[in-house]
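Here the structure is laid out as structure tokens; the discussion comes afterwards.
The values are calculated or read from the model by the stated rules, or taken from the named source; none is laboratory data. Values in this document were obtained by computation on a predicted structure and should not be read as measured data. When we count neighbours, we look across all protein chains shown, and the Cβ atoms used for this are built from the backbone with ideal geometry, even at glycine.
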Amino acid sequence: MRRSILKKGTLLVLCLFLVVGIGLYALDSEYYARTIYIEKVYPHQLGYKILYTTSKLDIAEAYIPHKWFSQSASKDGKLAKGEIQWGDDPSYPYMMIFWKNGKFSHVRLFLKKNMHDISWGSLNPTQDLTDKFNIEEPSLEF
């Protein structure tokens, strides 16, 4: 019986070292992500205008160009800067911004697929937002 307890104790210690080792490895990730909750999404011919809540409970805006979603890994050797997940989850809409080694990497939008949802809005189609969507990374306030 004593031998059985010793085996279980040794196994427990080994498992503990494994969990701690995996946890320490996970802390060294080159990626950093932040979730931002979206108040309103405005589709535009050049992309999406996003209104979101900052940590100070202010409303800020971000512009996400359509071209970020259409790039493929083989086109110009670049990966897409954007992904969209459509759904009906109660947590939608929100976005996740990813940085790799401190530089903007990509954005993931989690949007309601029903465009009649209260989270969707509309913009004046004649409004010129070319400068707002002609960006390489989003300008965000936290």
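What is the residue count in region 17-62 for residues that are in contact with a helix residue (DSSP H, G or I) (Cβ under 8 Å, 6 or more places away or on another chain) and at pLDDT below 95?
3
Which residue is modelled with the lowest pLDDT, if the candidates are limited to region 84-138 and must be charged (D, E, K, R) and either surrounded by 16 or more Cβ atoms within 10 Å (Cβ to Cβ) or within 16 Å of Tyr37 (Cα to Cα) (or both)? For region 84-138, the residue satisfying everything is Lys132. What are the residues in region 78-126 that are assigned to a loop (DSSP other than H, G, I, E, B), without any contact (Cβ under 8 Å) to a residue 60 or more places away in the chain and among the polar types (S, T, N, Q), if any? Of everything in region 78-126, those that are assigned to a loop (DSSP other than H, G, I, E, B), without any contact (Cβ under 8 Å) to a residue 60 or more places away in the chain and among the polar types (S, T, N, Q) turn out to be Ser91, Asn114, Asn124, Thr126.
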